[in-house]
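See below for the structure under consideration.
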Amino acid sequence: MRIVLIHPNYHSGGAEIAGNWPPAWAAYLSGALRAAGYEDIRFIDAMTNDLSDEQLRALLAEEKPDLVGATAITPSIYKAERALRIAKDLHPDCVTVLGGIHATFMYQQVLSEAPWIDVIARGEGEAVIQNLAQTVAAGRWPEAARKIRGIAFAEGDRIVATPAEPPVEDLEKIVPDWDVLEWDKYIYIPTGTRVAIPNMARGCPFTCSFCSQWKFWRNYRVREPKKVVDEIEALVRDHDVGFFILADEEPTIHRKKFIEFCEELARRDLPVLWGINTRVTDILRDEEYLPLYRRAGLIHVSLGTEAAAQLKLDRFNKETTVAENKKAIELLRRHGIVAEAQFIVGLENETAETLEETYRMALDWKPDMANWAMYTPWPFSDLFQELGDKVEIFDYEKYNFVTPIIKPEALEREELLDRVMNNYRRFYMRKSFLEYPWIRNRKKRTYMLNCLKAFLKSGVQRTFYDLGRVGYWGPQSKASVDFGFDESRGQEALKPVESTAPGAADWRAVQDASRKRADAEATRTRKRREAAAAADAAMAMACGGGKQQLSDREMAGARSRSGVLPGPAE
């Protein structure tokens, strides 16, 4: 059976300015398929190769696929739908499947607006793709579709959602097929080396209302640190990887295993540098271990910080958070680790003053790098519903952290973009002339100068922050900026959903019930003012903005093989 996997060609000028990132999902699904005996697999990376629809059509025309799969985050959903439509037009008898976080939660809308997609894989994909492939290979699709767990599909004028496939408890059983990727094209500009995105854990033990990862993965599972390092060593040896970023949302949550991971990396002394996203509180917690983290090759930490507009709502919360952020950044820099501060901007109460305050914070905290991301409420989050009519844009292609989705009451979107660009210009101008060239540590100096090179390259090419597409060339051009919102999107009539098990039609229902129970228990243990401050701050936190910590009992309770902790689904 011939299987084709496609990574859709979506660009927004965000994280991609640092280089081309390998689509790890393809390696994991290809590995699962090969483990099930399916060897005839082709992966088309339309994003890295920047393939036009015509080029993708030409490549697919060469194929005779039985199964064509793609993935999508929210902003890439239309590109993924388009890629599968091309496949279906060329090969009407093939089965088209879409997975990823957006399709998992928004399957009703996806199947209603893109009827050429045969099936949605919901949640973790390895077991689902194996079972789907077996059904297709046996010639039992679509008759046996209802027997496959974790999918949604259209049946006549209704949509069927089957019960969820249980999460893979033992992550060591998942063997990614890294050979399926085009490694010579995945280059990380700051190091000039090949880059990989392995993971040490899936999910999160916490249930923050501003995050969707715990809903998607459902259970928190941690791999054995030695096995993760084995995988990284193989990537270095077999694919010449010189930099990696852990795919985990916050890999330092499980402190004990993260320390073991760093100790094993330091012991092996692999020629590789790496980075993570994590929380300010974890850096403060692990102050004594920062020298170890640096010896293990950790060179870049991106910290989730809060928006000035949100901090302004609670003076006490602001004062304590600012002090913590500043200290965490100072600790990282003291140990030779690049500290990147993430600011969320573009809330409804954003003003010129709050935007200026984020710049002043950046000067005061002295991070090596700063990033201003537009506030983006995921359409499948509770917060999206709570925002009500403040959400005016339903063109999900623009939900990319660089386009203003929420219009501030005191600013036009064009002025918001202009002021954010002014922050970038001033911050990196100072760094370019007054700091980066004079960093004493040669390795860090080279890294920072290459980061600057990536910024400059994307600026010249007008890809940074999607500036070329929207027509922004500086303050003089803000009046002519056009974000290109497609008002016709998100308006399709939805087919009704038939569920084959209680709660299957709405993935969120079971998850939210557990979240509410967990939140209620947590609330009883917090002081009233802390709960109020957390509620105010939750809206604006970036990834890594949470403050909860795993207890010693919870860390010790992880299962010996998979490190599973009870999650919202259990």
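The values are calculated or read from the model by the stated rules, or taken from the named source; none is laboratory data. None of these values were measured; they are calculated from a predicted model. A quick note on method: Cβ atoms are made from the backbone with ideal geometry, for glycine too, and the neighbour counts reach across all protein chains shown. Surface accessibility is based on the protein's heavy atoms, side chains included, excluding ligands, DNA and RNA. Shrake-Rupley method; radii C 1.70, N 1.55, O 1.52, S 1.80 Å.
Pairwise Cα distances in region 367-415 exceed 14 Å in 55 percent of cases. Region 231-266 and region 10-70 have their alpha-carbon centroids 25 Å apart.
Heavy-atom surface analysis with a 1.4 Å probe gives region 164-219 a carbon and sulfur content of 52 percent of its accessible area.
Mind checking the per residue accessible area of region 134-289 for me, 1.4 Å probe, whole number of Å²?
Value returned for region 134-289: 39 Å² of accessible area per residue.
Taking a probe of 1.4 Å, how large is the accessible area per residue of region 338-457, in Å²? On a per-residue basis, 41 Å². What translational diffusion coefficient, to the nearest whole µm²/s, does region 187-242 have by Stokes-Einstein, given a Kirkwood radius computed over alpha-carbon pairs, a temperature of 20 °C and 1.002 mPa s viscosity? Stokes-Einstein gives a translational diffusion coefficient of 162 µm²/s.
Globularity index of region 139-235 is 1.47 (Cα radius of gyration / 2.2 N^0.38 Å, N = number of residues). Separation of region 136-211 and region 370-408, taken as the distance between their Cα centroids, equals 25 angstrom. Scaling the Cα radius of gyration of region 7-76 by the globular reference 2.2 N^0.38 Å produces a ratio of 1.20.
With all projection directions averaged, the alpha carbon convex hull of region 55-145 covers 5.7 nm². Simple rule: put +1 on each Lys or Arg Cβ and -1 on each Asp or Glu Cβ in region 159-282, find the dipole, and look at Ala164, Val229, Gly242; the Cα lying farthest toward the positive end is Ala164.
What's the local net charge at Ser52, with K and R +1, D and E -1, over the other residues with C-beta under 15 Å away? Its environment carries a net charge of 0.
Using the per-residue mean of other Cβ atoms lying within 10 Å as a proxy for protection, in what order, highest first, do the peptides 222-230, 441-449 fall?
The most tightly packed comes first, giving 222-230, 441-449.
Per residue, the convex hull spanned by the alpha carbons of region 100-156 comes to 77 Å³. Across all C-alpha atoms in region 170-299, the radius of gyration and Dmax reach 14.7, 40 Å. Packing order of peptides 401-414, 171-184, highest average first: 401-414, 171-184 (average count of other Cβ atoms within 10 Å over each peptide's residues). Scaled against 2.2 N^0.38 Å for its residue count N, the alpha carbon radius of gyration of region 1-117 is 1.02. Taken over region 165-205, the alpha-carbon convex hull comes to 127 cubic angstrom per residue. In terms of distances greater than 21 angstrom between alpha carbons, the cross-link table entries Lys256/Lys366; Lys79/Lys407; Lys398/Lys478; Lys173/Lys227 yield Lys256/Lys366; Lys79/Lys407.
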